[in-house]
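Any read-out appearing in this document is the output of simple, stated calculations on the displayed coordinates, not a laboratory observation. Values in this document were obtained by computation on a predicted structure and should not be read as measured data. Don't worry about glycine lacking a Cβ; one is built from the backbone with ideal geometry, like all the others, and counts go over all protein chains shown.
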Amino acid sequence: MAPNHPDRPKRHEALEQWFKSMNHIMQEKPVKGILQSIDDFFKQPFPYSPIHIDLYETDTEYEVTAELPGIKKDQISIDVINNSLTITVNKSESSTEVNDINQSQRHRSSMQKSSRTIPFSQPINERKIRASYIDGLLKIKIAKKPGKKIDIIIDQD
């Protein structure tokens, strides 16, 4: 097609009109909400990382330390089952945005659950467990069950 062809301005206008229409569609609901959700996901796909835990052991107890920044005490549960400790965090958030111009509301809620289980090599005393939570740091002290020591004797047969 020659550069000065009479259909060239019409095609340019048609293409420009098509782009304007697509832009308008992308700004309308529900497409805009879907696209915003996709953008939000890729900005922060995994907002809650796994629980970081350190385990220390002495002759008489285990000490478990978990870093839980931004978590409230009531979002944490600690369970002891079959000689292991499980720390679970349930974090839920909700928000509402009101747009007076469009007379619309947008509600968002999310629930995130993360847990870690620590098995212990020695039996633990479930009655002697203490936990504290200060400034995002969970500390749990678990007493070991004292075992029975067996002396070996030399048999002279």
Inset, instruction - Could you calculate the FRET efficiency of Ile53 with Ser77 from 1/(1 + (r/R0)^6), where r is the beta carbon distance between them and R0 is 22 Å, rounded to 0.05? - result: 0.90
Inset, instruction - Excluding Leu55 itself, calculate the net charge of residues whose Cβ lies under 14 Å from the Cβ of Leu55, where each Lys or Arg counts +1 and each Asp or Glu counts -1. - result: -1
Inset, instruction - Would you mind listing how long the stretch 52-144 runs along its three principal axes, going by Cα atoms, in whole Å with the largest first? - result: 67, 25, 20
Legend entry - Loop trypsin sites (Lys or Arg not before Pro), the stretch 49-102, which have at most 15 other Cβ atoms in a 10 Å radius of their Cβ (DSSP): Lys72
Legend entry - Mean separation of Cα contacts under 8 Å (6+ apart) over length of the stretch 52-144, as relative contact order %: 33 percent
